[in-house]
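The values are calculated or read from the model by the stated rules, or taken from the named source; none is laboratory data. Keep in mind that what you see is a predicted model, and the values were worked out from it rather than measured. Don't worry about glycine lacking a Cβ; one is built from the backbone with ideal geometry, like all the others, and counts go over all protein chains shown.
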There are 2 protein chains.
Amino acid sequence: PVGIVAQAVASEKTIEDETYVDEVPWSLLQEGCRGDGSSMREKFEKMIRAAQDDITAAITEADGKEFHQDAWTRPGGGGGISRVLQDGNVWEKAGVNVSVVYGSMPPEAYRAATGSTKPIDADAGRVPFFAAGISSVMHPKNPMAPTMHFNYRYFETDEWNGLPKAWWFGGGTDLTPSYVIDEDAKHFHGTYKAVCDEHDPEYYAKFKKWADEYFIIGHRGETRGIGGIFFDDQNDRDPDTIFKFSTACAAAVVPSYVPLVVKHKDDPFTEEQKEWQQMRRGRYVEFNLVYDRGTTFGLKTGGRIESILMSLPLTARWQYDFEPEEGTPERYALECFRKNPEWCA
Amino acid sequence: PVGIVAQAVASEKTIEDETYVDEVPWSLLQEGCRGDGSSMREKFEKMIRAAQDDITAAITEADGKEFHQDAWTRPGGGGGISRVLQDGNVWEKAGVNVSVVYGSMPPEAYRAATGSTKPIDADAGRVPFFAAGISSVMHPKNPMAPTMHFNYRYFETDEWNGLPKAWWFGGGTDLTPSYVIDEDAKHFHGTYKAVCDEHDPEYYAKFKKWADEYFIIGHRGETRGIGGIFFDDQNDRDPDTIFKFSTACAAAVVPSYVPLVVKHKDDPFTEEQKEWQQMRRGRYVEFNLVYDRGTTFGLKTGGRIESILMSLPLTARWQYDFEPEEGTPERYALECFRKNPEWCA
């Protein structure tokens, strides 16, 4: 029976094994992609690596503990940098990953992303792509301090089999409190609304709705948290304009989120409040393993598992049939997750 | 935005809402299905309800705490009985569910189960079915005592759209220890091998392999535990013969499992051992939410969520990049999950 497990895994794996490195190369791009720094691949990698530095520095300043770093490259190009802070003073687990991937996707994924309706030969195989992204989840210890997730990414496909080169941007930042504090929800949404408004007056409403529809735990009839913004497949204006918007969104992570954790990190709490947080962490696990596209895609394609599942909380709880009592803060939170109110009306 | 969440859920829901009942009816079958007790639907319901009584009684005897019961019926027929023991003296969470479902499945599911290759009109809709089953997961508190899962079920489709009536049995019992103790593994597998051998000398090898191939956490390259037996789509001999085998398998749950928990329930353990157990519980969650067909099917079709997710442990842990040291019992367990040894060679 040796081999059953390995076979099952290998049959689905499409990403090469990683080679760990102590020194991260100045660029994770293939040598042929490294030019004078003016290509979007180069600019995007530079932006996400700087964002990783800035955000982990801000978290370490608030927590007092350093991140642990793992970095790797892949034989065919690309690689990643995972930074994880575990069992800190303020955060139970906080991770910020950067990754550069040279891979291939099924033609349907290309079509979904580009809106292309051009017929594709059924035997044509997979579309080669380049992807670079930063992604992060942070789970604080104190039940009054919220969890935050963000992810900003850039995709490019090669010219392939008669299909033109395509590119698009995606991303978003969203907040998942265990206890919903209106003032905090307004601060978080307000920060992103201001960023959106600077770039397009329609962005906030559009991207907030996109988050509302994405971060749903279908089988519970609940949202994961109080949402934020989410966008994908963006290529409706020139790339530099969308790049600037992505850069501004990544730069808003610290001011939208860190003050909320600093404000609540020393709040007193009871054992029951900690248990409620743990149950909401269980819901977070349910969303990520059942619905989250990045996670389910990553698990199937053989990316680095510890980086993909870095998003899961350190601990979680499933208590049979728990329903908070009327009039409690737990009930208020649950009602927010069921009704999904507006925070910047 | 009120309604976004409800809409997302309703669009996938195919099972009716449950009506809770204090007194469980003597049969959960539709009235038209209740005859003189000789139909397989009646015999199977009777068997699983008796098994639920026997198994919960044995667990309560070992634990000292009673199960909480929730029971419901559905307007169109069918219903369920969930029994959960939470925060017991020995078990952290133990659930045993019985359910009877009148539903419909896509024609591909019918084909997969029956091996039918008869062409089906694309517009023919869904195939009506009857299903009755018992399912259970039990997670003990002590890290030296194993988790156990079992599930025995009977399916029947109605004659439909030119397709003949079909029926099949499925089921299995498997063990998930955090620490692999060879003697216990041999007891568990040996008990099921003896049950199999009484019914067909080829059953154990065949159904053990089926379990080995099913209980794999693909993205980890690990099995969930040390397996057991698993079978599905069984209709290759007369129904009463397979029914007797299913009945014997359900009756073997207590002797194969309970003595192992009784043996280890008071074993001393360290905080590190409890953490290892919690990390293996995290793997259990990964398997159930990502791969388990019963769970993923249940979440999508709108079954009773608290009964479906009763299988999740009370608490679980995800620690970044934990790898047990060479020569430790944790490493031995992990090697068993990676290599999948034989226990009845």
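Structure summary
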| item | result |
| --- | --- |
| Scan of the stretch A:17-33 for residues that are more than 24 Å from the chain's Cα centre (by Cα) and exposed (fewer than 13 other Cβ atoms within 10 Å of the Cβ), ordered by number | A:22, A:23, A:31, A:32 |
| All positions within the stretch B:158-175 that are in contact with a Ser or Thr (Cβ under 8 Å, 6 or more places away or on another chain) and on the phi < 0 side of the Ramachandran plot | B:163, B:165, B:166, B:167, B:168, B:169, B:173, B:175 |
| Residue tally, condition more than 8 Å from chain A (Cβ to nearest Cβ), among the small types (Gly, Ala, Ser) and under 30 Å from residue A:86 (Cα atoms), over the stretch B:280-319 | 1 |
| Criterion violated by residue B:319 - all others in (1) in contact with a helix residue (DSSP H, G or I) (Cβ under 9 Å, 6 or more places away or on another chain); (2) buried (at least 17 other Cβ atoms within 10 Å of the Cβ); (3) not in a loop (DSSP other than H, G, I, E, B); (4) not β-branched (Val, Ile, Thr) satisfied | (3) |
| Any hit, the stretch A:215-231, residues being at pLDDT 95 or above, crowded, with 16+ Cβ neighbours inside 10 Å, in a helix (DSSP H, G or I) and among the hydroxyl-bearing types (Ser, Thr, Tyr) | no |
| Residue match in the stretch A:32-44 (condition: modelled with pLDDT under 95 and within 14 Å of chain B (Cβ to nearest Cβ)) | no |
| In the stretch A:235-259, the residues that are surrounded by 15 or more Cβ atoms within 10 Å (Cβ to Cβ), in a helix (DSSP H, G or I) and over 19 Å from the mean Cα position of the chain (by Cα) | A:239, A:259 |
| Residue in the stretch B:283-303 that is of a type in the set (Lys, Arg), at pLDDT 95 or above and farther than 20 Å from residue B:52 by Cβ present | yes |
| Residues of the stretch B:52-66 that turn out to be crowded, with 16+ Cβ neighbours inside 10 Å and either among the polar types (S, T, N, Q) or closer than 19 Å to residue B:25 by Cα (or both), as a count | 3 |
| Count - residues of the stretch B:82-112 that are within 14 Å of chain A (Cβ to nearest Cβ) and part of a strand (DSSP E or B) | 12 |
| Which numbered condition residue B:333 misses (of (1) more than 10 Å from chain A (Cβ to nearest Cβ); (2) outside any helix (DSSP H, G or I)) | (2) |
| Meets criteria (over 21 Å from the mean Cα position of the chain (by Cα) and either within 14 Å of chain B (Cβ to nearest Cβ) or surrounded by fewer than 22 Cβ atoms within 10 Å (Cβ to Cβ) (or both)) for residue A:143 | no |
| Residues of the stretch B:116-160 classified as over 30 Å from residue B:253 (Cα atoms) and not in a strand (DSSP E or B), total | 13 |
| Within the stretch A:210-229, tally of residues that are over 28 Å from residue B:17 (Cβ atoms) and without any contact (Cβ under 8 Å) to a residue 40 or more places away in the chain | 2 |
| Options A:303, A:282, A:327: the member that is outside any helix (DSSP H, G or I) and crowded, with 18+ Cβ neighbours inside 10 Å | A:303 |
| Among the candidates A:211, A:205, residue that is closer than 22 Å to residue A:181 by Cβ, within 14 Å of chain B (Cβ to nearest Cβ), in a helix (DSSP H, G or I) and not charged (D, E, K, R) | A:211 |
| Some residue of the stretch B:161-169 being over 12 Å from residue B:110 (Cβ atoms), within 21 Å of the chain's Cα centre (by Cα) and part of a strand (DSSP E or B) | yes |
| Hey, residue B:273 assigned to a helix (DSSP H, G or I), farther than 23 Å from residue B:54 by Cβ and away from every other protein chain (no Cβ under 14 Å) or not | yes |
